[in-house]
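Notes follow the structure.
The values are calculated or read from the model by the stated rules, or taken from the named source; none is laboratory data. Bear in mind that the values here come from a model prediction, so they are computed numbers and not experimental data. Counting neighbours? That spans all protein chains shown, and the Cβs are built from the backbone with ideal geometry, glycine included. The area values use the complete protein model at the heavy-atom level, side chains included, leaving out ligands, DNA and RNA. Shrake-Rupley method; radii C 1.70, N 1.55, O 1.52, S 1.80 Å.
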Amino acid sequence: MSDYMFVLESHLDAGQNRAIAEMQRIATEAMMNVWLTGGAMRDMLRGARIVDLDFTVERDALKLGKALVHAMGGTILAEDPLKRWIELELAGVNGAPPMIRASVSNARIERYSKPGGKPQIEAAPIHADLLRRDFTINAIALSLNRGSRGLLIDPANGQADLINRELRTANSYAFYDDPSRIFRLIRFQYTLGFEISTRAQSQLENALLEQYHAAAPASALAAEIRALAGSANAVAGLEAYDKLGLLKVISPAMTGAKLNSPGLAKYEKMINGVLPPGTTGGWLAFLTILLEKLSPKERTEVLKAFDLPKAEAEGLKKLEAGAKKLEAALKSARVTKPSHVYDALEPATTDEVLMTLQHSEHRVVQDRIRTYYSKYLPMAQEVTEEQVVATGVKPGTPKYEKAYRTMVTQHLNARPRKVVIPEPEPVPAPPSPPIVAARGVRKSG
């Protein structure tokens, strides 16, 4: 095993490792070469958690992608027959969450007659495919093939840019071919904390001067804003979009004073200071706060660009009512024990919690949410499955859930034992030294 394969496997969870193995098997049986590319390689090499698996194959990515779904279970999220690209959500280990995001695409080159136009697609070797991509840090591949497994391919020297924390385009036509890369460059600047190289900055300024961004769909910018929302620098990134006039691609209304920067700054502080690291959710709360200064008509226009899935659209409509219900439960006079706070917050979504923190003016509500995350939730997690099973119930049954809740309640409400510190025993005084007459002193007389 090469060093790169060892590093890769150490960055993957069990489900992702299985997806890699299945893709290798499927590609080998189809006598196709396959590489891991894009964001997966970028995140691996910079020591970050790998979120999506991006596979590139020699031909017929759609066939291999569907075979991967068949082998692991899951769904097809999107596919592009022109570019031979498919996006998947794969089932985790034994079909259990978390789900695994993956994409499979053909190695290709794309030729454009105008910015953002329909490309002419041709099959290409992996080196050419990497060099037609957006940025050098995304133009790295790792071979998953039997004969060259673990071989790193980096024709644009993206590893050096990762070390130098620099954003550089992979080719001179990056923004001409795909103007939505303008939006991605700004997002990477703030989510990764990288500097834009002098050459890339010049290319960006020329692209903006030529209005290439106007040829990009509003949904492309909406997708970048959604990806930006979970970062610690989301507000700074949105303000950069506004300064460059890019938010107008979605709506002329969501600019200037109507960009709710103060509200989002408060949200950003809460999600980074109150919620534990790794907490999922919060996108709907972010979107609600982003749109708070817009009129109902303007809000509807912006939401079209985001094209929320049905479940999210329904959740957005119910969010305000859910937050008010949570606030009422937390400020109730009947909340007198830690378990009452836990019972109110444990079923609440992250979005409801954040919206309650954002808008509640009751100090007791704010304090109880903070105490829940800093004290009560960690205490509840101390109750283990082994302890519950020891009471004679089987996991997965209603009796188990009832026994678990009972043990959590007892653990939260138990008074801490007083630690009695024994008084120290008195230390006896050291004996006085004997008095010895000094030598050589003569008595008078």
*Keeping to region 99-133, report how many residues are open to solvent by 10 Å² or more (accessible area, probe 1.4 Å), touching a Leu at 6+ places or on another chain (Cβ under 8 Å) and at pLDDT 95 or above.*
1
_Quick check on region 142-153. Is at least one of its residues open to solvent by less than 20 Å² (accessible area, probe 1.4 Å) and small (Gly, Ala, Ser)?_
yes
*Return the pairs, sorted by first residue and then second, in which the second residue is exposed (fewer than 11 other Cβ atoms within 10 Å of the Cβ) and among the basic types (Lys, Arg), the first residue lies in region 305-317 and is over 15 Å from Phe286 (Cα atoms), the beta carbons are less than 6 Å apart, and the residues are 6+ apart or on different chains.*
none
_Qualifying helices (runs of 4 or more DSSP H) (wholly inside region 359-424; at least 1 residues being without any contact (Cβ under 8 Å) to a residue 12 or more places away in the chain and open to solvent by 60 Å² or more (accessible area, probe 1.4 Å))_ = 363-371, 385-389, 398-413
*Checking Leu303 against (1) surrounded by fewer than 19 Cβ atoms within 10 Å (Cβ to Cβ); (2) within 25 Å of Tyr376 (Cβ to Cβ), which test does it fail?*
(2)
*asked:* Checking Leu246 against (1) of a type outside the set (S, T, N, Q); (2) open to solvent by less than 40 Å² (accessible area, probe 1.4 Å); (3) farther than 23 Å from Asp351 by Cβ; (4) without any contact (Cβ under 8 Å) to a residue 60 or more places away in the chain: exactly one of these is not met. Which one?
replied: (4)
*Got a sec? Which helices (runs of 4 or more DSSP H) wholly within region 196-246 have at least 1 residues that are modelled with pLDDT under 95?*
218-229, 234-243
_Residue in region 171-193 that is nearest to the chain's Cα centre (by Cα), counting only those that are in a loop (DSSP other than H, G, I, E, B) and not hydroxyl-bearing (Ser, Thr, Tyr)_ = Leu192
*asked:* Any residue in region 336-356 that is touching a residue at least 40 places away in the same chain (Cβ under 8 Å) and under 15 Å from Ala323 (Cα atoms) sitting within a Cβ distance under 9 Å of a residue that is open to solvent by 60 Å² or more (accessible area, probe 1.4 Å) and part of a loop (DSSP other than H, G, I, E, B)? List the pairs, counting only those 6 or more apart or interchain.
replied: Thr350/Thr280
